[in-house]
Each structure stands twice: as structure tokens, then as C-alpha cells.
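**Student:** Have a look at this one.
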Amino acid sequence: QVRLVESGGGLVQTGGSLRLSCANSGQNLHHYAMGWFRQTPGSKREFVAAVHVNGVDTYYQDSVKGRFTISRGNAKNTVTLQMNSLKSDDTAVYYCAATVLDHGLGEQEYDYWGQGTQVTVSS
């Protein structure tokens with residue numbers, strides 16, 4: 001069973017950092033490719049970052065390249081998103097997702113979703 005729970009969101013100033021975590025209360029996530037998406041009010045959910053099921057290959061939206069890092073945690077059932085040099089445009093609800101595909105860049109490719117965690121970047 002896959003039940004994803006995000007944590008680590010909050011309020012941070014421009015230029016600051018946050019570390020989001022996604023944990024599964026059931027089986028470990030080793031067999032799933034994982035992704036992070038974000039959504040602001042009135043907008044579609046957009047891709048942020050993903051990690052291949054191999055745990056090595058990673059993918060990023062252009063606007064976060066060099067600032068965000070996705071990785072699998074030491075525990076097999078966690079995935080993290082380290083966010084540095086945060087900007088006001090990064091303000092959104094962030095969602096963790098899992099897919100049975102080897103990797104996914106689109107919302108429709110993911111099978112399981114967390115409830116989301118709010119990230120607010122203030123200037």
C-alpha cells in the first residue's frame with residue numbers, strides 16, 4: 001500500500017532554504033519512481049522534480065535547476081526535496097507523488113499522491 005505524507009513546508013524568506021520530505025507509511029518506495037509537483041491557486045499542478053526508479057537519474061523543471069535537489073532518503077520509504085535560494089515564485093502547495101513507471105514528468109503519469117504541504121516564500 002502506498003500512502004504518501006509530505007512534511008517540511010513552512011514560511012521562509014527569499015533566499016532561504018527548506019527541506020521537504022515525503023514518507024510512505026506502508027511498503028518502501030524503492031520500487032517506485034518519485035516526483036514533486038506544486039500548485040498555486042487557480043493554476044494547474046506543475047512538475048518540479050523527479051527521481052528515476054534507479055535512484056540515480058533526476059529531472060528538474062528549468063526554473064529550479066541548480067536550486068532544488070531531489071533524492072531518496074537513507075530510509076527506503078522517504079524522498080526529499082532540498083530547496084535552496086528560494087524565490088517568491090516558489091510559493092505553492094508542494095505534492096509528493098509515486099509512479100510505477102521508471103520515471104515520470106507529467107502529472108498523469110503518477111499513480112499515488114500525498115495531501116500536499118504549503119511553502120510560502122516572503123520577500
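The values are calculated or read from the model by the stated rules, or taken from the named source; none is laboratory data. Bear in mind the structure is a predicted one, so any value in this text is a computation, not a measurement. In this analysis, Cβ positions are derived from the backbone assuming ideal geometry, glycine residues included, and neighbour counts consider all displayed protein chains. The area values use the complete protein model at the heavy-atom level, side chains included, leaving out ligands, DNA and RNA. Shrake-Rupley method; radii C 1.70, N 1.55, O 1.52, S 1.80 Å.
**Student:** What about LEU81, is it crowded, with 18+ Cβ neighbours inside 10 Å, in contact with a Ser or Thr (Cβ under 8 Å, 6 or more places away or on another chain), in contact (Cβ under 8 Å) with a residue 40 or more places away in the chain and outside any strand (DSSP E or B)? Quick ask: steps written out before the conclusion?
**Tutor:** Details: crowded, with 18+ Cβ neighbours inside 10 Å: yes; in contact with a Ser or Thr (Cβ under 8 Å, 6 or more places away or on another chain): yes; in contact (Cβ under 8 Å) with a residue 40 or more places away in the chain: yes; outside any strand (DSSP E or B): no.
Criteria not met by LEU81.
**Student:** Sticking with this structure for a sec: If ASP102 satisfies all but one of (1) under 17 Å from LEU18 (Cβ atoms); (2) over 11 Å from the mean Cα position of the chain (by Cα), what's the number of the condition it fails?
**Tutor:** Of (1) under 17 Å from LEU18 (Cβ atoms); (2) over 11 Å from the mean Cα position of the chain (by Cα), only one is false for ASP102: (1).
**Student:** May I ask you to list the residues in the range 1-23 that are part of a strand (DSSP E or B) and either of a type in the set (A, V, I, L, M) or out of contact with any Gly (no Cβ under 9 Å at 6 or more places or on another chain) (or both)?
**Tutor:** Let us first name the residues in the range 1-23 that are part of a strand (DSSP E or B), namely 4-7, 10-13, 18-23.
Selection gives LEU4, VAL5, SER7, GLY10, LEU11, VAL12, GLN13, LEU18, LEU20, ALA23.
**Student:** Could you tell me how many of the residues in the range 31-53 are in contact (Cβ under 8 Å) with a residue 12 or more places away in the chain and either open to solvent by less than 40 Å² (accessible area, probe 1.4 Å) or among the small types (Gly, Ala, Ser) (or both)?
**Tutor:** Looking only at that region, the number is 13.
**Student:** Related question: Looking only at residues that are polar (S, T, N, Q) and free of Cβ contacts under 8 Å to residues at least 24 places away in the same chain in the range 54-67, which one is farthest from VAL93 (Cα to Cα)?
**Tutor:** Quick first cut of the range 54-67, residues polar (S, T, N, Q) only: 54, 58, 61, 63.
Remaining after also requiring free of Cβ contacts under 8 Å to residues at least 24 places away in the same chain: 58, 61.
Numbers: THR58: 21, GLN61: 16 Å.
Applying the filter and picking the extreme gives THR58.
**Student:** Now, a different point. Please enumerate the residues belonging to the range 69-78 that are open to solvent by 20 Å² or more (accessible area, probe 1.4 Å) and at pLDDT 80 or above. Write out each step before concluding.
**Tutor:** Residues of the range 69-78 open to solvent by 20 Å² or more (accessible area, probe 1.4 Å): 69, 71-78.
THR69, SER71, ARG72, ASN77, THR78 - these are the residues of the range 69-78 that are open to solvent by 20 Å² or more (accessible area, probe 1.4 Å) and at pLDDT 80 or above.
**Student:** Please work out if THR91 is at pLDDT below 95, open to solvent by less than 60 Å² (accessible area, probe 1.4 Å), among the polar types (S, T, N, Q) and under 19 Å from VAL119 (Cβ atoms). Show your work before the answer.
**Tutor:** Values: at pLDDT below 95: no; open to solvent by less than 60 Å² (accessible area, probe 1.4 Å): yes; among the polar types (S, T, N, Q): yes; under 19 Å from VAL119 (Cβ atoms): yes.
No, not satisfied.
**Student:** Something else: Could you list, ordered by first residue, the pairs with Cβ atoms under 6 Å in which the first is in the range 18-30 and within 22 Å of SER122 (Cβ to Cβ) and open to solvent by 80 Å² or more (accessible area, probe 1.4 Å) and the second is not aliphatic (A, V, I, L, M) and not in a strand (DSSP E or B), at least 6 apart or interchain?
**Tutor:** ARG19/GLY8
**Student:** Quick check: anything in the range 58-68 open to solvent by 30 Å² or more (accessible area, probe 1.4 Å), among the small types (Gly, Ala, Ser), at pLDDT 95 or above and outside any loop (DSSP other than H, G, I, E, B)?
**Tutor:** Applying the first criterion (open to solvent by 30 Å² or more (accessible area, probe 1.4 Å)) to the range 58-68 yields 58-63, 65-66.
Then drop every residue that is not among the small types (Gly, Ala, Ser), which leaves 63, 66.
Filter once more, keeping what is at pLDDT 95 or above: 63, 66.
Checking which are outside any loop (DSSP other than H, G, I, E, B) leaves us with 63.
Yes, the range 58-68 contains at least one residue that is open to solvent by 30 Å² or more (accessible area, probe 1.4 Å), among the small types (Gly, Ala, Ser), at pLDDT 95 or above and outside any loop (DSSP other than H, G, I, E, B).
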